[in-house]
Amino acid sequence: MTGWRVLVPRGGPWGDRVAASLRSQGASPKVAPMINFAPTDDAAALEAALAKLAAGGFDWVTVTSATTVDVLSSHQAVVPAATKIAAVGETTAAALTAAGYPVALVPAEDNSARGLLEEWTAATDGAIPLRVLALRSAIAKPLLSVGLARIGHHVEAVVAYRTVGVPVEETVVADVAEGRVQAVLVTSGSVAEQVQKQLGPIPDGTLVVCIGPQTAKDARAIGLRVDAIADERTAESLIEVLVRAAQARSAG
């Protein structure tokens, strides 16, 4: 990957870590955040849910992104010792732990809402009904909350934040359009939407690499070409599949 220019669409600690890993592979990363997060449109509902959480009104709280952890921290949310936290994956679990929230459940196989739902009954010893607070983004599909309710649990689904697009620099748009970027990383359906909207159509010579099957599915649904898919929803897996794809292209 020596000399490869790679667009990293997320900033913050995650973007810095991915950029550092790419540099260690000889690549030249360009960190250009394409999404940001804004407060929920229904702040009263969120505040009421967090107050109920602090008062012991829930047996479980489900957290499906590291951004939700930021929301919990910014609200100084209190999670009682008797309330357990389920994280959708290792990245979210790490963010929770770093913020001082103990994690009781992380899917062992599939780091996704579907994976969490599949392992839920076994992990909770089949207890029904449980009182569950499901925190999510405004655009997230309600797969987890609907699935838990269908099993028989009492679920309160609350929007914790909104996702908004961030315009990238004109130089980034020009570099992609003119083929000066060898790969674009896609880390979520909302990022895929911004990539397609701001940079599409992506030139055939530029690899589009998605962080997992669901992100790839979301990307294809809006017309974004997908060239490679990470096996797991982790930065390490994303970089690994990019390196393999780059080597295959060089060999070809």
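The values are calculated or read from the model by the stated rules, or taken from the named source; none is laboratory data. Source: prediction; values computed, not measured. Cβ placement follows ideal geometry from the backbone for every residue including glycine, while neighbour counts extend to all protein chains displayed. These accessible areas exclude ligands, DNA and RNA; they are computed on the full protein's heavy atoms, side chains included. Shrake-Rupley method; radii C 1.70, N 1.55, O 1.52, S 1.80 Å.
Filtering the stretch 180-198 to residues that are open to solvent by 10 Å² or more (accessible area, probe 1.4 Å) and either more than 19 Å from GLU169 (Cβ to Cβ) or in contact (Cβ under 8 Å) with a residue 40 or more places away in the chain (or both) leaves ARG180, VAL181, GLN182, SER188, GLY189, SER190, GLN194, GLN198.
When the stretch 109-142 is limited to residues that are hydrophobic (A, V, I, L, M, F, W, C) and open to solvent by 60 Å² or more (accessible area, probe 1.4 Å), the one that is farthest from GLY57 (Cα to Cα) turns out to be ILE139. Quick check: is even one residue across the stretch 79-88 more than 19 Å from LYS52 (Cβ to Cβ), out of contact with any Gly (no Cβ under 9 Å at 6 or more places or on another chain), touching a residue at least 60 places away in the same chain (Cβ under 8 Å) and open to solvent by less than 50 Å² (accessible area, probe 1.4 Å)? No: zero hits.
Residues in the stretch 204-227 that are of a type in the set (Gly, Ala, Ser) and either open to solvent by less than 10 Å² (accessible area, probe 1.4 Å) or modelled with pLDDT under 90 (or both): GLY212, ALA216, ALA219. Among the residues of the stretch 147-160, those that are in a strand (DSSP E or B) and either at pLDDT below 95 or open to solvent by 30 Å² or more (accessible area, probe 1.4 Å) (or both) comprise HIS154, VAL155, GLU156, ALA157, VAL159.
Annotation note: of THR68, THR64, THR92, the sole residue that is over 30 Å from VAL173 (Cβ atoms), touching a residue at least 60 places away in the same chain (Cβ under 8 Å) and either among the charged types (D, E, K, R) or open to solvent by less than 40 Å² (accessible area, probe 1.4 Å) (or both) is THR68. Of all residues in the stretch 228-252, those satisfying the criterion of being open to solvent by 70 Å² or more (accessible area, probe 1.4 Å) and under 21 Å from GLY179 (Cα atoms) are ARG244, GLN247, ARG249, SER250, ALA251, GLY252. Among the candidates THR171, THR163, the residue that is of a type in the set (S, T, N, Q) and open to solvent by 50 Å² or more (accessible area, probe 1.4 Å) is uniquely THR171.
One line per residue, one yes/no per condition, for (1) charged (D, E, K, R); (2) within 28 Å of THR234 (Cβ to Cβ); (3) touching a helix residue (DSSP H, G or I) at 6+ places or on another chain (Cβ under 7 Å):
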site: ALA43; (1), (2), (3): no, no, no
site: TRP60; (1), (2), (3): no, yes, no
site: ALA66; (1), (2), (3): no, yes, yes
site: ALA77; (1), (2), (3): no, yes, yes
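For ASN111, the conditions (1) touching a helix residue (DSSP H, G or I) at 6+ places or on another chain (Cβ under 7 Å); (2) without any contact (Cβ under 8 Å) to a residue 40 or more places away in the chain are fulfilled apart from (2).
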